[in-house]
């Protein structure tokens, strides 16, 4: 944290401020989208703010995972019902259409009902309850700010309605981009792209503070909307140090590379890593007795198919997703974490790996992620050309350096000073208070573009 931020924090500015947080993804849901909001709520509360979280009582379980997690201690949490969940409704209708059109030998490539009617997204059914219950909380608790975590983008429109009804400052936090900065891998039809662009512009117009998760995303939005530069900020995802497992420095007996989560088979080349393993196996550089690749996630079947294609079944273990804490325990025992991204996003795997003192094999385009790895993880390997030879060479170098004891520790203390969830929450507090002081100094200046 810089000197100014530390001074602002020590002065206690913001203490006692009340903030309503609209977070669809929040415990008891256990999706990765919960972690950022949970951390903000926890540390805002710790720093003397008074957060009140409003979440959904009946989440769409086609997109969410229900677990037994609880909200942070001391954080008031309310729930409101979604009046309907479109995924189930449209899924049933689409299944009927598929059967009917199959009689005429017509095959649907996607669920067009979603494109036509899920506006702004599948979670539109939670907007009425979020507005009604949110308005009640704002009035009863005398809320000072409204914070919205997106996705879903339906939450943003609930927040916009609440701002219009109450006049409270609106903070929009895009965990994911809506249109600008979104890679063209989802096959959206042109008309829906145009709709999303207009919807995104209206959200950004309404925000008094607009937060994104990477500097590259921030730069992309400012290129698209130069007028928002003064209210757009980067707060990275970071890592909550308190969620680290007990690390006993016990590594797997085999040299182990681990990957968890989406492998982005639709978004970027993903076969080069497997081809590199095949290349090394054929040369006799690695075998089942001294090397393994462990995968955990929703792409289990695809990984198994590629493993079978390259005859790598003796080197690769592919499993379904496991609880996050169990995943962290496995990572702590690994020797290398495979890292893939779709620019300009930054995977949470980056922050977890640095905090766990784990080097990366990063097969990524050059940019912000590569710079962070070079700064905080000196024994990592960055491959930007995605070539089989480069990846194979990096794997061999990692194995040899480990055996020779040449692996440098990650610069964890420096990393946590900037990217712990608590440090990032302090950054958000400073941003909110800075914008508030500006508004008070210039009361007639519009906060919207």
Report, in degrees rounded to the nearest 10, the 0 to 90 angle that the Cα long axis of helix 154-166 makes with the longest principal axis of the chain. 20 degrees
Per the Debye formula with a single identical scatterer at each Cα and no solvent contribution, what log10 I(q)/I(0) holds for the range 161-213 at q = 0.20, 0.24, 0.29 Å⁻¹? -0.77, -0.96, -1.16
Most exposed first, judged by fewest Cβ atoms within 10 angstrom, 21, 397 run 397, 21
Counting only Cα atoms, I'd like the Rg/Rh figure for the range 338-445, Kirkwood definition for Rh. 1.17
So what are the three principal axis dimensions of the chain from its Cα atoms, in whole Å, longest to shortest? 70, 68, 42
Using alpha-carbon coordinates, inclination of helix 324-333 to the longest axis of the chain, degrees: 40 degrees
Give the shape of the range 242-414 as rounded, prolate or oblate, defined through the alpha-carbon gyration tensor: a ≥ b ≥ c are the square roots of its eigenvalues, a/c under 1.5 means rounded, and otherwise the shape is prolate if a/b is larger than b/c and oblate if not. rounded
Rounded to the nearest 10 degrees, the helix 127-141 long axis (Cα) sits at an angle to the longest Cα principal axis of the chain of 60 degrees
Kindly provide the helix-only [θ] at 222 nm of the chain, computed as the sum of -39,500 (n - 2.57) over DSSP H runs of four or more divided by all residues, to the nearest 500 deg cm²/dmol? -13500 deg cm²/dmol
Express in whole angstrom the spacing between the alpha-carbon centres of the range 176-235 and the range 256-329. 34 Å
Could you tell me the calculated FRET efficiency between residue 202 and residue 166, based on Cβ-Cβ distance and R0 = 25 angstrom, to the nearest 0.05? 0.85
Quick one: 381, 259, 79, fewest Cβ neighbours within 10 Å first, how do they rank? 79, 381, 259
Arranged by the count of other C-beta atoms within 10 angstrom, fewest first, what order do 42, 300 take? 300, 42
Nearest 0.05, what FRET efficiency do residue 309 and residue 342 give at R0 = 30 Å with Cβ-Cβ as r? 0.80
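Values quoted throughout were computed directly from the atomic coordinates according to the rules given, and no laboratory measurement underlies them. Everything numeric here is computed off the predicted structure, so don't read it as measured data. Please note: Cβ atoms are built from the backbone with ideal geometry, for glycine as well, and neighbour counts cover all protein chains shown.
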